[in-house]
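Below is one structure, written out as structure tokens, with a few remarks after it.
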There are 4 protein chains.
Amino acid sequence: MPGNSFGTLFTVTTFGESHGPAIGCVVDGCPPGLALTAADLQVELDRRKPGQSRHTTQRREPDEVEILSGVFEGVTTGTPIGLLIRNVDQRSKDYGKIKDQFRPGHADYTYLQKYGLRDYRGGGRSSARETATRVAAGAIARKYLRERLGVEIRAWLAQLGPIRAQRLDWDEIPNNPFFCPDAEAAERMAAYMDALRKEGDSIGARISVVASNVPVGLGEPVFDRLDADIAKALMSINAVKGVEIGDGFAVVEQKGTEHGDEMTPAGFLSNHAGGILGGISSGQDITASIAIKPTSSIRLPRRSVDIHGEPCEVITTGRHDPCVGIRAVPIVEAMLALVLMDHALRQRAQNADVRSGTPVIPAKIPA
Amino acid sequence: MPGNSFGTLFTVTTFGESHGPAIGCVVDGCPPGLALTAADLQVELDRRKPGQSRHTTQRREPDEVEILSGVFEGVTTGTPIGLLIRNVDQRSKDYGKIKDQFRPGHADYTYLQKYGLRDYRGGGRSSARETATRVAAGAIARKYLRERLGVEIRAWLAQLGPIRAQRLDWDEIPNNPFFCPDAEAAERMAAYMDALRKEGDSIGARISVVASNVPVGLGEPVFDRLDADIAKALMSINAVKGVEIGDGFAVVEQKGTEHGDEMTPAGFLSNHAGGILGGISSGQDITASIAIKPTSSIRLPRRSVDIHGEPCEVITTGRHDPCVGIRAVPIVEAMLALVLMDHALRQRAQNADVRSGTPVIPAKIPA
Amino acid sequence: MPGNSFGTLFTVTTFGESHGPAIGCVVDGCPPGLALTAADLQVELDRRKPGQSRHTTQRREPDEVEILSGVFEGVTTGTPIGLLIRNVDQRSKDYGKIKDQFRPGHADYTYLQKYGLRDYRGGGRSSARETATRVAAGAIARKYLRERLGVEIRAWLAQLGPIRAQRLDWDEIPNNPFFCPDAEAAERMAAYMDALRKEGDSIGARISVVASNVPVGLGEPVFDRLDADIAKALMSINAVKGVEIGDGFAVVEQKGTEHGDEMTPAGFLSNHAGGILGGISSGQDITASIAIKPTSSIRLPRRSVDIHGEPCEVITTGRHDPCVGIRAVPIVEAMLALVLMDHALRQRAQNADVRSGTPVIPAKIPA
Amino acid sequence: MPGNSFGTLFTVTTFGESHGPAIGCVVDGCPPGLALTAADLQVELDRRKPGQSRHTTQRREPDEVEILSGVFEGVTTGTPIGLLIRNVDQRSKDYGKIKDQFRPGHADYTYLQKYGLRDYRGGGRSSARETATRVAAGAIARKYLRERLGVEIRAWLAQLGPIRAQRLDWDEIPNNPFFCPDAEAAERMAAYMDALRKEGDSIGARISVVASNVPVGLGEPVFDRLDADIAKALMSINAVKGVEIGDGFAVVEQKGTEHGDEMTPAGFLSNHAGGILGGISSGQDITASIAIKPTSSIRLPRRSVDIHGEPCEVITTGRHDPCVGIRAVPIVEAMLALVLMDHALRQRAQNADVRSGTPVIPAKIPA
């Protein structure tokens, strides 16, 4: 398979460029009988949509999704679900001036060298605009996981540049434009972002995600481990430079007595592993974090090279997110949903009739 | 594909358990005409082999590899290469006592719940013994990459618990049992490990890796990005809990002006990106780091549950590595080689005749 | 991968039902730099289009295709090509009456048992309408094969019920509504079809196809042999019940001295093998034939069962092709193009730099 | 995936050449808990084994299979099953003389042009010896299908050259060296083969196969239709030139009233479709036939070309089957088992919890 498909049994194939006629995807392998309407997808797309606060790009895309197939009389039929989102607000002229330049930190140079040509309008295929289709596809997976297995997936902005969320208040997340679970931190983030915008610079971020009620047994050792597939899914999001499962890089300094999660019949006593042991879900919360680099498109001048190999100065004046991490929160949820959905089907394929005889250990000891 | 194959065009399928008759793999898709002997694989296997110092498990496995197919008159034929390594030193009785217990931090519980049964001898399939086959397969990829493309891949132990390598001296790496590029740090590591072994505990580690001379253009957006596939490859190694590309988690606090690597005709001015832009190699060094958790098998007693759901105490007395990170160094190199090899073939498939007309930017400005 | 994708490196993923809003596909893996417009696809779609003579269904579908992505400034970019065809002439009421019945020979019963529900409008996903997207995707492959490798693919109706084409006149094929290379046979087919339509019955057909100038070396033993992939491709077309390569079933009674194609430096002396030896193209013409069953939708009453398990009588009055074989000709060409294109890329991936040193044997000795 | 793997969820990857050290395969995705010993595989291998009558090659291979992994305490564990068969009777010198020649009808020429070199010993990878590993893998699938789903798969030699089996007596099949279900025809086959051997020529054959008790619902439209995957599986067997499902090529002359299988609550009234409708199993017997070409290795002299492009005469004196069709019977069963097994798992993945509410129609009305 070329690179635009994700998943073995619940497979998403996306297409589309930032400034082409449309973006979209095909979701193949969805079990039949799932109630599904465009509204189910729209609610997730609206969370990712640009232009919702002064802190994200001012491009105005309605991101209205149309279901083209695979749903009949309100439920999925088991056949491929075609999804279409027309591009509307394409100010391509913004990009005319950088058509012959390689923007530092962008894919301009690598796309040109790989393919010999590139769609320079808004980054073409390399634009994060493509992730809208992931969010739409992920919404299907998420709905199935929630309704059939009780799985809940929630991501949040854990850190924006130097500012960290100090508390995890689920109810706060939708209340601020940062998906930040800490109202006080969100206020400081707003001030930080205002200053940054004035400056013309951009900033990195950390997003965390947790999936609860994941059944024990998902994941296919040895290569398609659940954590390996999550790492790939999250690293495939634009601008991501690091992925952690459970305690992540903190394990480097941990001892075995500290890290290994002890078990009792009443529940696991800790969750340093992040809900995955030997590449297989343990039934505990699956926890992960990612690092997102600062937006490469900034107003400040940068040294670069043009397509003729000559030196040039790049100043990016198009509409951009000064922190791409913010709008990545729904994308992270979507990608994790796609991985879990795929592995739920893979697990059912091989092990549908397995009964271990051993009681399931609760995710944690009830408080 | 079930979970035991890796790669799209250069595909490795592994099999075998820690205490079964043998482990092995099939490498499919290797280009023909590559000179190859068992000795080419053995040299890499010997680097990973257990029992080479007092700091790794005392299990004595010769790890002698036999090439069963795909090589004729000293060169690869383009047909699948079957590799076989017989298990020799299986002291299965070591494991009898934990046959009914779930070792904390291990895959015992998750394998049982997934499959309904498990090979408890030495962790069965979940044992890191399986990675010997990856090293053998990776040696083929590595040889091709080196001989045909000039790619060099080198990993090292960057940190063991609290002790960090402070310098990167390539020549030092093979001189100490830790693959540590800093002789002085290696000495402190030895003392640390001696104390740890006495204690009965284990410790985490960080490994770093760099691939040089990687051609520009490898990686398939949007899902099979080069960094996404590297993330999956490295996270699929036993005990890995985090993966970073380039600056990794440091990007969270970076600004765009700091992170974006500027370019001049004479070369890139920095490499925060770790050699990958938009999921495609830029020709700069590919740099990555991983976090490896402390070994779960420790002599100190741990609370757990048995297969009947009853509480129990687990003490692991088999032969184990107190720091699995040490022997993971050759495995990291092997997995990175497999990813690069696969993407080199994928790139050639789609873009063999592409000529961009734009000069290649040197990896860095010569000093 | 679920079942709606075809190809390893040049991958087509289709979606859409007979009476839904639209059908379409994503073509991933196309090399960049191929000149491509909607008109290039439309010309092939128009050949398959219904309602072009009294011998095919009177459904009027313009089958107008829109390119949604992957093409920029008139050439392919190497990113996925999204294609969309809106459904226009959906007379769903035609199907109301058979909504609760299983039409004999159709997929009604099997879809319901597989998925628990079905889109009964025009067969939903099981309708041959889906093949329009294959023709569009195949047109891209065909253009590449022709322009870059000189490959020509041509199919024809070799037999319609009892009437066989007796001569292969390439120029005649587009001159009659049957894609029949024998003008005289085509006239008899017209008379036969008129009588059949009156009768309310349907008839089977045989289609043959030849691909010329195929380079030697395509095909991946042992499972993805070129002939095996052609067999799958052709058998995946609706209503196909048999596939032959080269002499096909005639080989059952052939002796080795008769079948084995002798070679001379001036060329192969015969082509019983159909251009494939050991699963790899030999450079000779690739020849194949398929058998297409008579349309299952007929006006004559048939015994069947309804969704409650009760006996019923089925009379199909919708608009149908009395011989689905006729319009299958462009589909056969498209599927063969997809297979050859995929294998051309696979061959390049593994063996781009192979030089055998042995001269290529011409396909045949020039007359 | 390169070409040596078969199956999406129950995946077989084979390796090995005719005269290398060993052949073998990895079976990945097998559900856990299936009782399995080497003897279960050996019984099928023994049916395919060479040298069992004067009518097949006199090469003596014990074809003794060793299970290297994936089975613990007599049952499958859900991890990959490694299988190994050592080559024993390699008389490579037989092949020395044809090392520089291309045998007509063989893969010699195409392998050399594809890979630039070839293992000329006994055809190397292109030898039908490779199919022994398919038989071993197929035996696992077959055992699962039989024990868990009640599926029975039986193939037979339906025609050898001009001699057709006139009756289908299951008990007779193991009684003669031809797997022929008609004792009288088998006698004539023996005489025919004796004459043929004297003559130095070879002959083609037809094999038929039926799978009974296949559950309704297997098959993934639109490309991975059950019939399409069967066509690929059977066409991937060495020397196969044609595949038919159900009535096969006879449908060309059938009318819709004749072909479409009518249904009643008591059962299907006929089975022209061969148990597959719309690419999905109907619950009726799955029936298929293949055409196998005459062995290309014959004693009679043939015109050919050598590796320098010079004309030459080829006489093959190694040990060969004058009719490769005979020993293909167990291979056909194995390949059909692999397809059904894979699709049983795929069906369970997507539709495990589907309940249609419609009663299953019996395969046929009880006599």
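The values are calculated or read from the model by the stated rules, or taken from the named source; none is laboratory data. Model, not experiment: these values are computed from the prediction. With ideal geometry, Cβ positions are generated from the backbone for all residues, glycine too; neighbour counts draw on all protein chains shown.
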Checklist entry - When the residues of region A:261-271 are filtered to those that are more than 7 Å from every other protein chain (Cβ to nearest Cβ) and not in a loop (DSSP other than H, G, I, E, B), which remaining residue is surrounded by the most Cβ atoms within 10 Å (Cβ to Cβ)? => result A:Phe268
Item to check | So B:Thr37, is it within 14 Å of chain A (Cβ to nearest Cβ) and more than 22 Å from B:Arg129 (Cβ to Cβ) | outcome: no
Next on the checklist: I'm told B:Val305 meets every condition in (1) assigned to a loop (DSSP other than H, G, I, E, B); (2) at pLDDT 95 or above except one. Can you identify the failing condition by its number?
Outcome noted: (1)
Next on the checklist: For region A:329-367, give me the residue count where each residue is basic (Lys, Arg) and in contact with a strand residue (DSSP E or B) (Cβ under 8 Å, 6 or more places away or on another chain).
Outcome noted: 2
Item to check | Verdict on A:Ala288 being within 25 Å of B:Gly204 (Cβ to Cβ), at pLDDT 95 or above and either surrounded by 24 or more Cβ atoms within 10 Å (Cβ to Cβ) or in contact with a His (Cβ under 8 Å, 6 or more places away or on another chain) (or both) | outcome: yes
Item to check | Single residue of D:Gly74, D:Gly29 found to be more than 7 Å from every other protein chain (Cβ to nearest Cβ) and more than 17 Å from the chain's Cα centre (by Cα) | outcome: D:Gly74
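Given the structure, is C:Ala158 more than 8 Å from chain D (Cβ to nearest Cβ), within 18 Å of the chain's Cα centre (by Cα) and closer than 26 Å to D:Glu262 by Cβ?
So C:Ala158 fails the test.
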Checklist entry - In the set A:Gly123, A:Gly74, A:Gly161, A:Gly138, which member is on the phi > 0 side of the Ramachandran plot, buried (at least 24 other Cβ atoms within 10 Å of the Cβ) and not aliphatic (A, V, I, L, M)? => result A:Gly123
Checklist entry - So which residues in region A:319-333 are in a helix (DSSP H, G or I) and touching a helix residue (DSSP H, G or I) at 6+ places or on another chain (Cβ under 7 Å), if there are any at all? => result A:Val324, A:Arg327, A:Pro330, A:Ile331, A:Val332, A:Glu333
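Name the residue that is nearest to the chain's Cα centre (by Cα), counting only residues in region C:231-251 that are at the interface with chain D (Cβ under 7 Å from one of its Cβ atoms) and more than 24 Å from C:Gly283 (Cα to Cα).
C:Ser236
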Checklist entry - Out of (1) facing chain D (nearest Cβ under 7 Å); (2) without any contact (Cβ under 8 Å) to a residue 40 or more places away in the chain; (3) surrounded by fewer than 22 Cβ atoms within 10 Å (Cβ to Cβ); (4) not basic (Lys, Arg), the odd one out for C:Leu300 is which? => result (2)
Checklist outcome for this item: Taking region B:274-291 and keeping only residues that are more than 7 Å from chain A (Cβ to nearest Cβ) and not in a strand (DSSP E or B), one is left with B:Gly274, B:Gly275, B:Gly279, B:Gly283, B:Gln284, B:Asp285
Item to check | So C:Asp169, is it closer than 19 Å to C:Pro330 by Cα and surrounded by fewer than 16 Cβ atoms within 10 Å (Cβ to Cβ) | outcome: yes
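Residues are listed down the side, and each one gets a yes or a no for (1) away from chain D (no Cβ under 14 Å); (2) free of Cβ contacts under 8 Å to residues at least 60 places away in the same chain; (3) touching a helix residue (DSSP H, G or I) at 6+ places or on another chain (Cβ under 6 Å):
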{"position": "C:Gly3", "(1), (2), (3)": "no, yes, no"}
{"position": "C:Pro21", "(1), (2), (3)": "yes, no, no"}
{"position": "C:His55", "(1), (2), (3)": "yes, no, yes"}
{"position": "C:Arg60", "(1), (2), (3)": "yes, yes, no"}
{"position": "C:Glu64", "(1), (2), (3)": "yes, yes, no"}
{"position": "C:Gly82", "(1), (2), (3)": "yes, yes, no"}
Next on the checklist: Any residue at all in region B:209-222 that's part of a helix (DSSP H, G or I), among the aliphatic types (A, V, I, L, M) and more than 14 Å from B:Gly274 (Cα to Cα)?
Outcome noted: no
Checklist entry - Among the candidates A:Thr316, A:Thr295, which residue alone is out of contact with any helix residue (DSSP H, G or I) (no Cβ under 7 Å at 6 or more places or on another chain), away from chain D (no Cβ under 14 Å) and either surrounded by fewer than 24 Cβ atoms within 10 Å (Cβ to Cβ) or in a loop (DSSP other than H, G, I, E, B) (or both)? => result A:Thr316
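Residues in region D:10-17: is at least one more than 14 Å from chain C (Cβ to nearest Cβ) and not hydrophobic (A, V, I, L, M, F, W, C)?
no
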Checklist entry - Any idea which of D:Glu258, D:Glu172, D:Glu187 is closer than 26 Å to C:Val240 by Cα, without any contact (Cβ under 8 Å) to a residue 60 or more places away in the chain, more than 7 Å from chain C (Cβ to nearest Cβ) and not in a loop (DSSP other than H, G, I, E, B)? => result D:Glu258
Checklist outcome for this item: Scanning region A:347-357 residue by residue, those crowded, with 17+ Cβ neighbours inside 10 Å and either part of a loop (DSSP other than H, G, I, E, B) or in contact with a Ser or Thr (Cβ under 6 Å, 6 or more places away or on another chain) (or both) turn out to be A:Val354, A:Ser356
Checklist outcome for this item: Flagged in region C:178-189 as out of contact with any helix residue (DSSP H, G or I) (no Cβ under 7 Å at 6 or more places or on another chain) and crowded, with 18+ Cβ neighbours inside 10 Å, in numbering order, are C:Ala185, C:Ala186, C:Met189
Next on the checklist: Of everything in region A:227-265, what is of a type in the set (Val, Ile, Thr) and over 30 Å from A:Gly3 (Cα atoms)? Give them in sequence order.
Outcome noted: A:Val251, A:Val252, A:Thr257, A:Thr264
Checklist entry - Any idea which of B:Gly274, B:Gly325 is within 16 Å of the chain's Cα centre (by Cα) and in contact (Cβ under 8 Å) with a residue 24 or more places away in the chain? => result B:Gly325
Checklist entry - Within region B:175-184, can you find the residues that are without any contact (Cβ under 8 Å) to a residue 24 or more places away in the chain and not charged (D, E, K, R)? => result B:Asn175, B:Asn176, B:Ala183
Next on the checklist: If I filter region D:258-278 for residues that are modelled with pLDDT of 95 or more and farther than 30 Å from C:Arg103 by Cα, do I get at least one hit?
Outcome noted: no
